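Visitor: Submitted below is the structure of interest, expressed as structure tokens.
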Amino acid sequence: MNAIKFHHKLKQLILISSMLLFLFAYVDDLFAQETKILGKPKNLNTWTPSHLLPKVGDAMATVVRTDFTITMRDGVIIDCLNFIPVDPAPAGGWPTVIMVHGYGDHKETLAEFCRLQAEYGYYTMTYSVRGQGLSGGLSNLISTLEADDLIEIVNWVKADSVHGSAPSKILIMGGSQGGAVPMIAATRGMQVAAIINSVAPPNFASSWMENGCAKMTLLWTIEYTPDTARYNSTVDRMSNWIYADTKPYWDSLAYWMPRDRDYVTGLPNITVPVLIEAAWQDKFFNADGWILNIDKVTSPMSSYLGAVRGHGSDVSLTEDVWHMNWFNNWFFQWLWGMNTTILDEAKYQYASTKFPVVDNQYFTFAHDSSKTLLRTISTPMKLYLNKNGVLKTTVQSGSNNVVLRNRITNGYTLQQAVNDEFTGSNFNSKFKKDSVKFLSSALTSNLEWTGTPIVRLDYKSAAQTFCQFNYQIYEVLPDGTRRFINRANFTDRNYSKGSRRQVTFRGQSHSHVFAAGSKILVIITNLDKAHTDAVFFGTNPFVLPTMKNGDHTVYLSSNSYVELPIVNNTDVSLLFNEEGKDNEIGVAERFNLSQNFPNPFNPSTMIQYTIADAQQVELRVYDMLGREVQTLVNNVQSAGSYNVMFNAGSLASGVYFYKLVAGNFTDIKRMMLIK
């Protein structure tokens, strides 16, 4: 059995200068996943700040590190450290910052940042969360248990004013686990000056398994080995429940996962000022949790949804610049008691992705804002699934359907698929990926989608108990270039074989601007892998597939559509040139070889291509001298789109070329390996 290998890339940018800097959660990791037998993944959910808070005075302080422990109410010992300037503290104490690490990490992850921050004139403190690092106890996976620990730690820090802490000037910040735990603690009465919550929506636990689906990141998180996280008995059983792939075990997971973790109902109890941010492309948690619930926060608040460096999202340098002023104003307002403009500005800041792609890796982002809730600024636009793979604003007439085939052979299990990393000859021979596609006509003007897509599905299946439908949404440029935007996933976990049903479910929140002349492509698939996911997931899917054999029928009826929330003052019927015949899949899905992603890469990259009909397909990689270095594909393939992972671990840095030959179609593209 092979362990899933990964590269862990953690970037920490620390700018020490006289300018005012900001802090945000930055996770840009490539990771590996190991199976339960070989051990759970490490450093999956690492969080680290990337900027210092505003500086106190002009001189740099000399600081002293102290390592110590705090004993919790139940006797569990928490491993802590702090950095304190050696100079006498100002009246009221040094501005105080408590940093909380991401899941599976420990206090040393943030120790260096605490030191550098303290040199700016701060009392800084961090600790290893219960069940992680050298702290004792067992983890309950980001819950009220860990939140109550934080409340005790805050009280300890307040009592340490004799050494320079400022009881009335404490700011807590963190991302993922580090963002959720302070928010849960605030719902339980914790009082501090302010909280910074990054990539941790109020329904984060439910988000891991929304619409009956189990996300790959959930399985990764609950499969750490004891040297990384030590779970209590309930959490320790959760991966077994997922692998069992049966309804009783799924029901157990659905009951226990949100319990004492989701904090939606506690939002009105928060009195602490909170800064909230979330990433549209978060591979862990859906920003929809904030779209639906952010108005339940009644304390002073500012929010941003868009390009947040965390959980596999796109990076935007222009949005980073905007973040600088936003964060600094928040710090000055609540840690320094200065009046800034932040509470006068629009409460709901956001950014939209759009073409062009920057450095062949990330979408461009366009900043925007709203003084009203983001869920109120859009109008629903329904795109109906029609015959011949057409996506239209009108309902398909007559009776038609399409079939999505879920074929698993030889008793192949979910555990085996995870061990195979959802790739390779064993996986491909026993799990058959299938998809159906629907393409709109060209847009007559730009179209902004902001909010959460809603899918209405009319379906029947030959599978028993479970059936799954994964919707992917793309923009297709006039030249045929296409790029994944986001998705919606649904698994019926209580299905009766052969029954026809309708269901409505919410997808992943996003804001994207489709360009005039582009088309919207919807792909329904039984295995949700997208080209741009490869950096984060490797060959693994976004949600774990169901391993139940059966053809799934999608009826092309008034109950089969994708609804996008659009911010356009235009009659929907005028947005598409639906009189033309250029939107049939047979016309649009020609042969195509996409640029590899990421590029440059080290050592793995994903290559995507599309073939219009069944052909002998060859995909080979060559060096600068034209010598073949690897054959990636050499067999007959049916029409469709394919993703192939190229691992150049044994090759030297340099420029390489990959060549696709499919029938009479040939294309060559260049890529760069940098080690």
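Visitor: Leaving out ligands, DNA and RNA, what percent of the accessible area of region 101-163 is carbon and sulfur, probe 1.4 Å?
Guide: Here carbon and sulfur together make up 58 percent of the probe-accessible area.
Visitor: Here's another thing I want to ask about it. Starting from region 45-116, pick out the trypsin sites (Lys or Arg not before Pro) whose DSSP state is loop and whose Cβ has at most 16 other Cβ atoms within 10 Å.
Guide: Arg73
Visitor: Continuing with this model, one more query. In whole Å, how far is the Cα centre of region 626-675 from that of region 475-500?
Guide: Each part's Cα centre sits 27 Å from the other's.
Visitor: Would you give the gap between the C-alpha center of region 195-272 and the C-alpha center of region 48-80, rounded to a whole Å?
Guide: Comparing the Cα centres of region 195-272 and region 48-80, I get a distance of 28 Å.
Visitor: Given a 1.4 Å probe, how much area per residue of region 258-312 is accessible, in Å²?
Guide: 24
Visitor: Work out from phi, with θ = phi - 60° and the Karplus expression 6.51 cos²θ - 1.76 cosθ + 1.60, the ³J(HN,Hα) of each residue of region 205-214, listed in order in whole Hz, and give x for Gly and Pro.
Guide: 5, 5, 4, 5, 9, 6, 6, x, 9, 9
Visitor: Using θ = phi - 60° and the Karplus curve 6.51 cos²θ - 1.76 cosθ + 1.60, what whole-Hz ³J(HN,Hα) does each residue of region 112-129 get, with Gly and Pro shown as x?
Guide: Result, ordered by residue: 5, 5, 4, 4, 5, 5, 4, 5, 7, x, 10, 8, 10, 8, 8, 7, 8, 5 Hz.
Visitor: Follow-up. Using a Cα distance threshold of under 27 Å, what count of lysine pairs results for region 327-486 when pairs must be 8 or more residues apart or interchain?
Guide: 20
Visitor: Also, I was wondering about something else. I'd like the FRET efficiency for Met624 and Thr481, computed as 1/(1 + (r/R0)^6) with the beta carbon distance as r and R0 of 25 Å, rounded to 0.05.
Guide: It comes to 0.45.
Visitor: At a probe radius of 1.4 Å, what is the per-residue accessible area of His311, in Å² to the nearest 10?
Guide: Accessible area of His311: about 0 Å².
Visitor: Show me the three semi-axes of the equivalent ellipsoid for region 381-476, from the C-alpha gyration tensor (sqrt of 5 times each eigenvalue), largest first, rounded to whole Å.
Guide: In descending order, the three semi-axes are 32, 17, 13 Å.
Visitor: Starting from 0 in steps of 5 Å, tell me what percent of the Cα-Cα pairs of region 365-429 lands in each bin.
Guide: Result returned by the calculation: 3, 11, 12, 9, 6, 8, 13, 16, 14, 5, 1, 0.
Visitor: Round to the nearest 0.05 the FRET efficiency obtained for Arg500 and Phe68 when R0 = 56 Å and r is the Cβ-Cβ distance.
Guide: Given R0 = 56 Å and the Cβ-Cβ separation, E is 0.30.
Visitor: Counting only heavy atoms of protein chains, what accessible area per residue, in Å², does region 340-482 have with a probe of 1.4 Å?
Guide: 40
Visitor: Can you tell which of Ser425, Phe514, Gly411 lies farthest toward the positive end of the dipole of region 391-518, using +1 and -1 charges on the Cβ of basic and acidic side chains (Lys, Arg; Asp, Glu)?
Guide: It is Gly411.
Visitor: For region 51-160, take the convex hull of the Cα atoms, compute a quarter of its surface area, and give me that in nm², please.
Guide: Over every viewing direction, the Cα hull of region 51-160 projects on average to 6.9 nm².
Visitor: Which residues does a label at Thr265 reach in region 166-192, if reach means a backbone N under 20 Å from a point 7 Å past the Cα toward the Cβ?
Guide: The answer is 180-190.
Visitor: Another question, if that's okay. For region 228-362, with only Lys/Arg (+1) and Asp/Glu (-1) charged at the beta-carbon, what is the dipole magnitude about the Cα centre, in debye rounded to 20?
Guide: The dipole magnitude comes to about 340 debye.
Visitor: Turning to a different aspect of this structure: Run through region 465-547 and list the trypsin sites (Lys or Arg not before Pro) located in a DSSP loop whose Cβ has at most 15 other Cβ atoms within 10 Å.
Guide: Loop-located and lightly packed - Lys497, Arg500.
Visitor: Report the relative contact order of the chain, percent, no decimals, based on alpha-carbon pairs under 8 angstrom and at least 6 residues apart.
Guide: The normalised contact order for the chain reaches 11 percent.
Visitor: For the chain, what class follows from the C-alpha gyration tensor (a ≥ b ≥ c being the square roots of its eigenvalues): rounded when a/c is under 1.5, otherwise prolate if a/b is larger than b/c, else oblate?
Guide: prolate
Visitor: Does region 500-570 classify as rounded, prolate or oblate by the C-alpha gyration tensor (a ≥ b ≥ c root eigenvalues; a/c under 1.5 gives rounded; else a/b over b/c gives prolate, otherwise oblate)?
Guide: oblate
Visitor: With a 1.4 Å probe and every protein chain kept in, tell me what percent of the accessible surface of region 417-461 is carbon plus sulfur.
Guide: Ligands and nucleic acids excluded, carbon and sulfur give 42 percent.
Visitor: Here is a further query. For Leu343 and Asn155, what is the calculated FRET efficiency with R₀ set at 41 Å and r taken between the beta-carbons, to the nearest 0.05?
Guide: After rounding to 0.05, the efficiency reads 0.90.
Visitor: Here's a follow-up. I'd like to know how region 131-243 sits against the 2.2 N^0.38 Å rule of thumb: what's its Cα Rg over that expected value?
Guide: 1.19
Visitor: Continuing with the same structure: Let a ≥ b ≥ c be the square roots of the eigenvalues of the Cα gyration tensor of region 184-295; is it rounded (a/c under 1.5), or, if not, prolate (a/b larger than b/c) or oblate?
Guide: It is prolate, given that a/c is not under 1.5 and a/b is the larger ratio.
Visitor: Within region 251-293, whose backbone N sits under 15 Å from a point 7 Å along Cα→Cβ of Val76?
Guide: 260-261
Visitor: Counting heavy atoms of the protein chains only and a 1.4 Å probe, report the per residue accessible area for region 127-192 as a whole number of Å².
Guide: It amounts to 26 Å² per residue over region 127-192.
Visitor: Run the accessible area of region 320-398 with a 1.4 Å probe and give the carbon-and-sulfur part as a rounded percent.
Guide: Roughly 49 percent of what the probe reaches on region 320-398 is carbon or sulfur.
Visitor: Can you check what the Kirkwood hydrodynamic radius comes to for region 443-535, Cα pairs only, in Å to one decimal?
Guide: Taking the inverse mean of 1/r over all distinct Cα pairs, region 443-535 comes out at 14.7 Å.
Visitor: With a 1.4 Å probe and all protein chains kept in place, how much accessible area does Ile668 have, in Å² rounded to the nearest 10?
Guide: Ile668 exposes around 100 Å² with every protein chain in place.
The values are calculated or read from the model by the stated rules, or taken from the named source; none is laboratory data. Nothing here was measured: the structure is a model prediction, and the numbers come from that model. Counting neighbours? That spans all protein chains shown, and the Cβs are built from the backbone with ideal geometry, glycine included. Side chains included, ligands, DNA and RNA excluded: accessible areas come from the protein's heavy atoms. Shrake-Rupley method; radii C 1.70, N 1.55, O 1.52, S 1.80 Å.
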